[in-house]
Each structure stands twice: as C-alpha cells, then as structure tokens.
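Worksheet for the structure shown next.
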Amino acid sequence: MKKQSKQKFAAVLLALVMAGGAALTYSPKVSAAGVSVTGTVKLDGTAPHQKGIDMSKEPSCAAIHKDKPVTMENVVAGSSGGLANVVVYISQGLSGNEVSSAPAEFDQKGCQYIPHVLAINPGQHMKIVNSDQTSHNIHPQPTKNNEWNKSQPPGSPPFDVAWANEEIAIPVKCNIHPWMHGYFAVVKGPYGVSDDNGSFTMPNVPPGSYTLTAWQETYGTQTQQVTVAAGKPATVSFTFKVK
Amino acid sequence: METKIMKTSSLLLGAAGLLLMSAVSWGQMTAYQESQRLNMEAHVGKYTGHAKDAEGTYRRYCVGCHGVEGDGQGENAQWLDPMPRNFTLGQFKCRSTPSGTLPLDSDLYDSIGRGFDRSVMPPWNTLTNQEKVDLVAYVKHFSSKWTTEKAGDPFPIPPEPEVTADKIQQGQVLFQKLECWKCHGVEGRANGPSSDTLTDDQNRPIKPYNFAEGARQKCGSTDRDIYRIFMSGLDGTPMPSYIDNVKPEEAWELVFYLRTLQQKNAYNAKEKAIAKQLGLKPIDPNAPVPAAPAAPAAAPGGQQ
C-alpha cells in the first residue's frame, strides 16, 4: 500500500514535471553549458566610398577629429577584408529567452556613436552616455517599439534604456548633428557584432541546431544553418557581396 | 471527376478568400477589429466620449484631411504642409506625458479645441464638449496602441513663480547651456546652425519654432504650455524632451526667457519690460556658458 502510494506520488510528480516542461518549452533558461560561436564576416568586393563628415558647425567635435577626418559608417571594411558592425544572432531554433545582464553602453563621443551598431536583448538595459562638450538629442525611430526623443546636454547623467520588443534594427539619430546615425539591434538570445577585422563572438550558445542571421545596415541579412554540439565551440563565416 | 474539380476549385476559392482577408488585415482594420475598436472610450472631466458616436462628426469635419482610415491621407492631404496627423501611429506632439508615451485624453481634447497654429487645423470650438470628447475616442480607435498601452503618467508642473530679472537671466544661461539656439537661433528666429537640416519622422523638412515671428505655439499659448512643450518634447519632430535634465525651477526660468524672444505676443509684457530694463542682449554662442547669472542685487530693476 505504502509502496503503491509512493509510486502514485512519483507518477504525479513525473506528470507535473512533464507538464511543467511542456509549459516551459517556450522559455526555459539557456543552459550555462553553452559554448561560444565565433566567426568572421567578410566583404566580397571593394567597399563603397564613405562620404566624409564636415563637423565645422560643431567646433568642439571638429577639434577631436582634426588629425583624422571622419566618414560615414554605412559600410566599414577592415584592411583584411573583414566587415565591421554586422550583427549575428539566432533567428530560429532558440528555445531560451534569457536576457543578458551584460553592461551595454552607447556613447556619443566626437559627435559619433560608439559603437555605431549596438546589439541588445529585449529587456536588457543599456546606458546612453554623452561624453561630448555639446548637447545631443537621442532620437531612436523604431517601428516595433515606442519612439522617443530626449535631450542630453553635456555633463548630464547617462540614460538607462531598455527595449521591449525584438527589432532589427532601430535607427537612432541626433537632429542637432544630422550626420550622426547608428542602430540598436534588439535580438533575442546570444548575439555578436563584428569588429573592424570582421570577427565576432556569440557567447554562451546552448547545444542545438540553429539558423543564424547576419544583419548589415546597407546589405541587409544573410542566414546560415549551424549545429552546436555540447562543449565544442563552433565557427561560422559570412560573406557579404558589394552591391 | 467533376465533383473533384469542383471541390478543388472551391478549396482554391477558399484559400484565395483567406489570403484576401489576411491582406486586408495588413493594410487596414478588418470589420471585426473596427467594430471592437469602435467601443473605444475617452474621459475628459465629467464627459465620457464614445468612438461610435463620433462617426458622423468625423466624416463631416475631419475625413477630408485625416482620411477614412485616420492615416492622414485624406483628399486634401496632398496640398497641405504640415501634413495632417496620421492617427494610426498613435504618436502625438502635444502631450502632458513623457516622450514615447501616449497622451492623456485631455491632451487630445485640448488639441481639437485649440487647433494648430501655422497649419490648416482650426480650433474646433463650434463643436460641443461632448462631440469633442467623442472625437477623442474616435481618434484613439485608429491605433491599436490604445488597446495595448495606457497613457503615460503626466509629469507635474509646479505653480508658476513670480517673474524676476534674475530668473530671466538664469533662463538665458539655460538657453545657451541647453543649446536651444542650435535650432531656434540666438534670437529665437529659427535660424540656428542646425535649423536647415531638420526633418520629421517621415523625413520631411521641418522648421524649428520661430519665437520672434510666431505669436502662438502649436501646443498652447500659456506659460504652462511652453513649460510642457520643452519638457515633454514634440514626438515625431526633432524637438526632444528636456525633462530628464531640466529641474522644475529651471524650466520656469527658461519659460520667462523664451517670452522675451517673442515679438508678437500679448502674454509677455512683463518679461519684455524686464528684458528692456536689463538691456538684455542675445547670447553669444562662441562665449563660454556663464556659470551663474549676475547677482540679483546688481540687476537693475525687475525685482519687486
């Protein structure tokens, strides 16, 4: 009798766990046993000419760049054929819904956005900093999140910002300095953004089969399948053709 | 055989119908959504507005510019600048609420009654209060935002202090420090260095407010309205919100200084008289921002 009830209890427990598991299939935690997916993004062809930026209307910023003229950043290619500012993320196959708690910072420095493209999870907090001696207004123009427009005079404290919904990508601009533009890529799960050499790292990707998407502001998106095995870091590479 | 063909064709028809229905839902509301959203209410003071009750009023007075769908694409829209508001976006300039949030029902009500200076939107004072509140509900029914979000929390506006020379001078310091002049110009003539590059959210060129020329602001003419305008920002335009970085007492100082820039205004006699007494000169954007205004004792007049 006692044994029977124990069995019954175990069965109920099992059913509960299974039901729980089923209910959680949408949002289980990404396991800590994730591995990193690294890779490079290349540009096939000669990078298009990037227009120079005349900052003479903002002397405090022009002074910062007096030795090295700045250009637009629609396509930023490194010397080794790498393509920078490409966001790589999991567009299909992700079962987790973990929000990164990693610090994310978006700086306004020398009347430029640093980084030019910031990737972030929905709900992840980011800091918007003004390091300049001039006022900026931060004016993101999302379509799937709420648009706002805030002034940040020099010396004012950083803004703490989070985005509710996935969106690739939210353009952000400063109306006072019309050359300033950047992006917030709001993506679920692990993400990486390529550096000047085109290298990126997506940390903590749990084992599984995924569709990876690489997004570049001028060239759009590319996708690729990847299977990540437990304990084995994976590598992926993307190539964008100059249009 | 025949029946099979018929079956297939009816299936195809069905599929086409489904496709058509989903196509409708992308572009505009389905009949069901429309009927649901027509239950939208608005509350202003003792009045409760019902979207359903405004259908006639909207079709008579508003549809020509704002369009049947409320998308700002009415028949007259092509001739207008500024363009009529697109209500489907759920984004509004004149709010008592923070940037990025929905306005209060009373904000929309005030906008209808006030009209928009320097646009073809007149003050709709011929409508009854009830008609205006019904229209507010009708305006809201065009955007799904009102079904998923609440209006923002209105930020408090403390009572207006007495105007003094000191406050006007401090306001001028803020005008320089916050770089209002970058767009509005050192004399408020809408000719600042960034003024000719400004665009709105639809990438249409837009002019900053010209304090010297304009008699009234778009979102109201009182001191409280001016306070609210720069604290909330005008969503959809380059004008940002300053509420995070301007204290309430500073905001009033800025209001008083902005009043001195208005040449065609009936509300600013006091501010202009003080400015004249002070011999207030436009700011010099190339000079460093003064740390503090002149000591109150040294300020000639203005203090009562």
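Might you check whether a residue that is acidic (Asp, Glu), within 12 Å of another protein chain (Cβ to nearest Cβ) and not in a loop (DSSP other than H, G, I, E, B) occurs anywhere in region B:243-254? Yes, region B:243-254 has at least one match. Condition (residue is within 14 Å of chain A (Cβ to nearest Cβ), under 29 Å from B:GLU213 (Cα atoms) and open to solvent by 10 Å² or more (accessible area, probe 1.4 Å)) applied to region B:122-135: is it met by at least one residue? Checked region B:122-135: no residue is within 14 Å of chain A (Cβ to nearest Cβ), under 29 Å from B:GLU213 (Cα atoms) and open to solvent by 10 Å² or more (accessible area, probe 1.4 Å). Pairs linking a residue in region B:73-90 that is on the phi > 0 side of the Ramachandran plot to a residue that is part of a helix (DSSP H, G or I) and open to solvent by less than 60 Å² (accessible area, probe 1.4 Å), with Cβ atoms under 7 Å and 6 or more positions apart or on different chains, are B:GLY90/B:LYS145; B:GLY90/B:TRP146. Checked against (1) within 30 Å of B:LEU278 (Cβ to Cβ); (2) in contact with a helix residue (DSSP H, G or I) (Cβ under 6 Å, 6 or more places away or on another chain); (3) surrounded by fewer than 20 Cβ atoms within 10 Å (Cβ to Cβ), B:PRO159 meets all criteria but (2).
From the list B:LYS93, B:LYS46, the one residue that fits, being within 14 Å of chain A (Cβ to nearest Cβ) and either in contact with a Ser or Thr (Cβ under 6 Å, 6 or more places away or on another chain) or open to solvent by 40 Å² or more (accessible area, probe 1.4 Å) (or both), is B:LYS93. Scanning region A:132-164 for residues that are hydrophobic (A, V, I, L, M, F, W, C), at the interface with chain B (Cβ under 9 Å from one of its Cβ atoms) and assigned to a loop (DSSP other than H, G, I, E, B) yields one hit, A:TRP148.
When A:PRO158 is tested against (1) surrounded by fewer than 17 Cβ atoms within 10 Å (Cβ to Cβ); (2) more than 23 Å from B:LEU198 (Cβ to Cβ); (3) at pLDDT 95 or above; (4) under 14 Å from the mean Cα position of the chain (by Cα), only condition (4) is not met.
Looking for something within 30 Å of B:THR97 (Cα to Cα) and open to solvent by 20 Å² or more (accessible area, probe 1.4 Å) - is there at least one such residue anywhere in region A:131-140? So far as region A:131-140 goes, yes, one or more of its residues are within 30 Å of B:THR97 (Cα to Cα) and open to solvent by 20 Å² or more (accessible area, probe 1.4 Å).
Test of understanding: among B:PRO248, B:PRO240, which residue is at pLDDT 95 or above, out of contact with any helix residue (DSSP H, G or I) (no Cβ under 6 Å at 6 or more places or on another chain) and crowded, with 17+ Cβ neighbours inside 10 Å? Write out each step before concluding.
Numbers: B:PRO248 fails: crowded, with 17+ Cβ neighbours inside 10 Å.
None of the other options fit; the residue is B:PRO240.
Restricting to region B:251-291, what's the tally of residues that are open to solvent by 20 Å² or more (accessible area, probe 1.4 Å) and closer than 18 Å to A:PRO154 by Cβ? Qualifying residue count, region B:251-291: 8. Selection of region A:73-97 for residues being at positive phi and either surrounded by 23 or more Cβ atoms within 10 Å (Cβ to Cβ) or in contact with a helix residue (DSSP H, G or I) (Cβ under 8 Å, 6 or more places away or on another chain) (or both) yields only A:ASN85. Residue count for region B:29-56, restricted to those that are in a helix (DSSP H, G or I) and closer than 21 Å to B:VAL133 by Cα: 10. Across region B:201-226, the qualifying residues are those that are open to solvent by 80 Å² or more (accessible area, probe 1.4 Å) and away from chain A (no Cβ under 14 Å), and the one among them that is modelled with the highest pLDDT is B:ARG224. State whether the residues of region A:120-128 include one that is under 25 Å from B:LEU234 (Cβ atoms), assigned to a strand (DSSP E or B) and facing chain B (nearest Cβ under 9 Å). No, the conditions are met nowhere in region A:120-128.
Got at least one residue in region B:177-184 being under 20 Å from B:GLY49 (Cα atoms), open to solvent by 30 Å² or more (accessible area, probe 1.4 Å), within 13 Å of another protein chain (Cβ to nearest Cβ) and not polar (S, T, N, Q)? No, the conditions are met nowhere in region B:177-184. Is region B:51-63 home to any residue that is open to solvent by 80 Å² or more (accessible area, probe 1.4 Å) and at pLDDT below 95? Checking region B:51-63: not a single residue is open to solvent by 80 Å² or more (accessible area, probe 1.4 Å) and at pLDDT below 95.
The values are calculated or read from the model by the stated rules, or taken from the named source; none is laboratory data. Note that the coordinates shown come from a computational prediction; the quantities given were computed from them, not determined experimentally. Every residue, glycine among them, receives a Cβ derived from its backbone with ideal geometry; neighbour counts consider all protein chains shown. Each accessible area value is taken on the protein alone, full model and side chains, heavy atoms only, with ligands, DNA and RNA left out. Shrake-Rupley method; radii C 1.70, N 1.55, O 1.52, S 1.80 Å.
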